[in-house]
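The structure appears below as structure tokens.
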Amino acid sequence: MTTRLTRTLATGAALALTLTMAACGSDDEPSTGSSGSGSGGDEPTVQTINEGTLTVCSDIPYPPFDVMDGATFTGFDGDLVNEIADGLGLELEVRDSGFDGLQSGLSLNSNQCDLVASAMTITDAREENLDFTDGYYDSEQSLLVPTGSDIQSIEDLAGKKVGVQQGTTGKAYTEENAPSDAEIITFPSDAEMYSAIKGGSVDALLQDLPVNITHAEDGQFEVVETYSTGEEYGFAVKQGNTELIDAVNEQLAALREDGTYDKLYEKYFSTE
Amino acid sequence: MRRTTRKRLNLGLLYGVFVLAVVALVLLADWEAINKNFFDWEVAKGLWPEIVTIGAKNTVVFTLISFFGGLALAVVLALMRLSPVGPYRWLATAYIEFFRGLPALLVIVAFGLAIPIAFSWQPPGGFVGAGIAALIVVSSAYMAETLRAGIQAVPKGQTEAARSLGMSAGRTTVSIVLPQAFRIVIPPLTNEFVLLIKDTSLLALIGVAFGDRELTTFARDAVVSTTNSTPLIAAAVMYLVITLPLTQLVSALERRQQKAR
């Protein structure tokens, strides 16, 4: 009995070894092949997870930053990355992902995307897991309430329900600054938060200013306070991917230079 | 080639593929990245004891309420489906078909977000109340069908014997048919229970207060605050800690029943 088992196992191990060696052998070839072609002439300037394509992850929808218009990624983030991809000579591909995967670095580390463009504030905590490009937007938080509400400032939130988004700067700001008996309700995204305040399930929303401004457009809601956090939005890349950071920063600088940035800023955040 | 040799070679090949798969997984995985992202012991220790006192506790409480609420409703629905009165049957069939055909996620959103907008009315119990009501409604539709199958599997002779002993129709259902039906459907009901444990994680979609976070939401929150993905693994372990003893208990119960038959 034992001998039969050992013999079986031995056969198995031997087979496995042969197969592993075969696999290793075949593994080597394409890798040498690709490194050879990489040094060739007119390839795209940066290495991406899918050659010739810039894959961007974003938590969509997040107007006015991240919006899908049919199959086109637009909004402030969307238009910017479209320009950046153009400048780098890459095709743009967009993946809609949950925000916590984006801000924790999971999506980047698992090679789902090259770049995160999702209205993400550059924070020290996030920089432990991600690398950021230069900032492209000064982030401000704000408080949205139904028009005519008693709530006029963050102090008035005592005993009230305030909606925030999972994993955001707005949530952290609320936890630090709202009165201790304010009830903080966390939602996965702005879509649910907006539904909740429309249904009266929460009394206020604390989140990024531009998003609250879009909600205030129809007059049902108003922005009663804004909070400057002194922070900026940045695009994020996998830690250590300096090649892509440099390339994107170069493109951002060029866009600021030739006026495209100002044109887009005016398009989305015009204050008149 | 002798038959035994060939057999041994075949078997060896199967073992070989298995060993190869394991070796490949171990070699291909980036262990440093895995350890850093998912097995950071310091982060895991920081989750204690809230992962149990908030996360696991809420998961269990939400599941228990949804399960027993759903089961009570399911008994009524199953009996309605088998009722000789037409309208009862139609109503139960429509209810079951409707809620069995919808994703739990949509029903939760409808209860938690759409109903307050449509009727300017807040369901009692706030977000958790609305979410649990949705889970009860969905799970009762599934469990009603399971129960119906169980009731129909009770031999007809049982009812006939009870009736000929002078028991009323109601009494026969309650003390003869239902107990035997439940015994038959314990395995599929366990399945439903385990599914519900996991479905409670969907409640976070309609908003969740600090103290009402169940395991998944708790872990996702912790991923943000610790900037590390270890809490996801911790939550996975907690789910197994909850489900495995439960499924073991039920299979032990089943074995005992087999003997009793």
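The values are calculated or read from the model by the stated rules, or taken from the named source; none is laboratory data. Bear in mind that the values here come from a model prediction, so they are computed numbers and not experimental data. Note that each Cβ is placed from the backbone with ideal geometry, even for glycine, and that neighbours are counted across all protein chains shown.
Within the range B:175-228, track down each residue that is crowded, with 18+ Cβ neighbours inside 10 Å, of a type in the set (D, E, K, R) and part of a helix (DSSP H, G or I). Those that are crowded, with 18+ Cβ neighbours inside 10 Å, of a type in the set (D, E, K, R) and part of a helix (DSSP H, G or I): B:192, B:199, B:212, B:220, B:221. Please indicate, with yes or no, whether at least one residue in the range A:205-226 is within 18 Å of residue B:122 (Cβ to Cβ) and either surrounded by 22 or more Cβ atoms within 10 Å (Cβ to Cβ) or touching a Pro at 6+ places or on another chain (Cβ under 6 Å) (or both). Scanning the range A:205-226 turns up at least one residue that is within 18 Å of residue B:122 (Cβ to Cβ) and either surrounded by 22 or more Cβ atoms within 10 Å (Cβ to Cβ) or touching a Pro at 6+ places or on another chain (Cβ under 6 Å) (or both).
Selection of the range B:11-36 for residues being more than 10 Å from every other protein chain (Cβ to nearest Cβ) and either of a type in the set (S, T, N, Q) or more than 30 Å from residue B:230 (Cβ to Cβ) (or both) yields only B:35.
Kindly check whether there is at least one residue in the range B:57-65 that is within 14 Å of another protein chain (Cβ to nearest Cβ), touching a residue at least 12 places away in the same chain (Cβ under 8 Å) and either part of a helix (DSSP H, G or I) or crowded, with 17+ Cβ neighbours inside 10 Å (or both). Yes: the range B:57-65 contains one or more residues that are within 14 Å of another protein chain (Cβ to nearest Cβ), touching a residue at least 12 places away in the same chain (Cβ under 8 Å) and either part of a helix (DSSP H, G or I) or crowded, with 17+ Cβ neighbours inside 10 Å (or both). Just to be sure, is residue A:156 among the charged types (D, E, K, R) and buried (at least 18 other Cβ atoms within 10 Å of the Cβ)? Judged against the criteria, residue A:156 is a match.
Check the range A:88-100 and report whether any residue there is within 11 Å of chain B (Cβ to nearest Cβ) and surrounded by fewer than 21 Cβ atoms within 10 Å (Cβ to Cβ).
Checked the range A:88-100: at least one residue is within 11 Å of chain B (Cβ to nearest Cβ) and surrounded by fewer than 21 Cβ atoms within 10 Å (Cβ to Cβ).
Mind listing whichever residues of the range A:146-172 are within 14 Å of chain B (Cβ to nearest Cβ), touching a Pro at 6+ places or on another chain (Cβ under 9 Å) and hydrophobic (A, V, I, L, M, F, W, C)? Listed by number, the list holds a single entry, A:157. Looking at B:89, B:3, just one residue is surrounded by fewer than 18 Cβ atoms within 10 Å (Cβ to Cβ) and modelled with pLDDT of 90 or more, and that residue is B:89. Here is the figure for the range A:48-101: residues that are at positive phi and within 17 Å of the chain's Cα centre (by Cα) total 1. Listed by position, the helices (runs of 4 or more DSSP H) enclosed by the range A:48-134 that each have at least 1 residues that are out of contact with any Pro (no Cβ under 9 Å at 6 or more places or on another chain), of a type in the set (S, T, N, Q) and touching a residue at least 24 places away in the same chain (Cβ under 8 Å) are A:99-103, A:106-109. The residues in the range B:113-164 that are in a helix (DSSP H, G or I), over 14 Å from residue B:200 (Cα atoms) and over 18 Å from the mean Cα position of the chain (by Cα) can be counted, and the count is 23.
Of the strands (runs of 3 or more DSSP E) contained entirely in the range A:181-263, those carrying at least 3 residues that are in contact (Cβ under 8 Å) with a residue 12 or more places away in the chain and within 12 Å of chain B (Cβ to nearest Cβ) fall at A:183-187.
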